[in-house]
């Protein structure tokens, strides 16, 4: 699991439930950390005999958020307690272990946790949280995000946020998507496509007219409702995949009761990350009014934007080649490919197996990418692009192209490769590997004497002619 970086608005949203458990929290905070030989001793300190099931859960959850900082992987609940740190998996496993002692059902859920505007358009199963059954109903708890945040200097800042104790499912889905759809706890589940392509915005905002996180326009308005009294709006923008500080620009904000409208106008051709901060006054202080903000974040691509060839790259630095190869396979640039691979026998990109499929999958690419690669041994690395892997080999002159491979496909996957699979099997090409597709794959595997596991790997691809 990757380290999370979750930027919390200066507005702290308190769960209605948290007000009912202050007496529990007060007792928990008084417990002084020490080394434990078993979890039962800790449990007996946290949970009073008079507590009902819900109080027990809140006591355990609050103790964990108060005493565990985000840091190194602890690998066991007891190590998490005694080291005082862990990753999201450790938070979840410790929560489950203590609830087990209480006899309370607690389910480990893995999935995607969206932490910034950069995550729009991408899905990574990089986070974990819990579902706790209380009074025959499941409640959602994310103790990692409730405990605090990791700042830009990679330092954990403890800052209890009760919003992530029993978060309403329709709000939780804004930045959490479980690998197993049923754990959304929604009567009408959100699709993965809807989730990854939605904008990110604070809990104080509702009825947002902006439905996509990638806007291909340069003049439009956004409407929304909020109970907050916003008095102004500022827009901050960065080029895609660029970071650092930037100056804000004030933009028009109209208000009528709880209804708001903001106006966006972008005159400079480009692809950007947008952060719109909405400002309101929280309270009077001795020095004046304290200003707090909520935010709406999305990506904006001007209609005349074109993906351009990277100006610089370093063949010895795999990080610097990610964008270069994305550009090659998006733009059919044979000359640039030859520049990157002067000794290659490939004279035309169409000679590369799976090139056409990868090119089609990148047809709507607008210069956005996830900046990471994977080492696969013997000097080889790969870049994960959609349902494909672009593999490079380390050579004397730097990394050179080796091949494109298809990614193994299974339930939960999405992308162009899944669409191709569905077309081959004669079913509607949604691009999402769901239970129906798994059943169709299993039937195909059975009829072809393959391992009937519903997972599409090398042999299944071969028989399908993919």
Shape of the range 170-290, Cα gyration tensor, a/c cut at 1.5 | oblate
DSSP beta bridge pairing in the chain, given as percent antiparallel to the nearest 5 = 95 percent
Whole-Å distance linking the alpha carbon centroid of the range 371-430 with that of the range 237-262 is 36 Å
Helix 318-331: angle to the longest alpha-carbon principal axis of the chain, degrees 0 to 90, nearest 10?
-> 60 degrees
Distance in Å, no decimals, from the C-alpha centre of the range 102-123 to the one of the range 435-462 is 28 Å
What is the extension gain from residue 434 to residue 182, computed as 0.36 nm multiplied by their sequence separation minus the C-alpha to C-alpha distance, in nm to one decimal?
-> 89.5 nm
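Run lengths n ≥ 4 of DSSP H only: what is the helix-derived mean residue ellipticity at 222 nm for the chain, with -39500 (n - 2.57) per run over all residues, to the nearest 500? Walk me through the numbers before you get to the answer.
Numbers: 14 runs with 124 residues, N = 466.
One gets -7500 deg cm²/dmol as the mean residue ellipticity at 222 nm.
Based only on other Cβ atoms within 10 Å, what is the fewest-to-most ordering of 339, 93, 256? Each step should come with its number before you reach the end.
Numbers: 339 14, 93 20, 256 7.
With the sparsest Cβ surroundings first, the list reads 256, 339, 93.
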Fewest to most neighbouring Cβ within 10 Å: what's the order for 37, 204?
-> 37, 204
By average Cβ neighbour count within 10 Å, what is the ranking of 396-403, 309-316 from highest down?
-> 396-403, 309-316
Protection proxy (average C-beta count within 10 Å per residue), highest first, orders 264-273, 417-426 as 417-426, 264-273
Mind ordering 157-163, 350-356 by average Cβ neighbours within 10 Å, highest first?
-> 157-163, 350-356
Would you indicate which of (1) 27.2; (2) 37.5; (3) 23.5 is the value of mean projected area of the Cα convex hull in nm² derived from the coordinates of this structure?
-> (1)
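Explain nothing, just the number: relative contact order of the chain, from Cα pairs under 8 Å at least 6 residues apart, as a whole percent.
Numbers: 856 pairs, mean separation 43.7, N = 466.
Here the relative contact order equals 9 percent.
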Where the centroid of each part is defined by its Cα atoms, how far is the range 142-207 from the range 294-333 in Å?
-> 28 Å
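Bear in mind that the values in this text are calculations on the coordinates, not laboratory data. Every value quoted in this text rests on a predicted model; they were computed, and no experiment measured them. With ideal geometry, Cβ positions are generated from the backbone for all residues, glycine too; neighbour counts draw on all protein chains shown.
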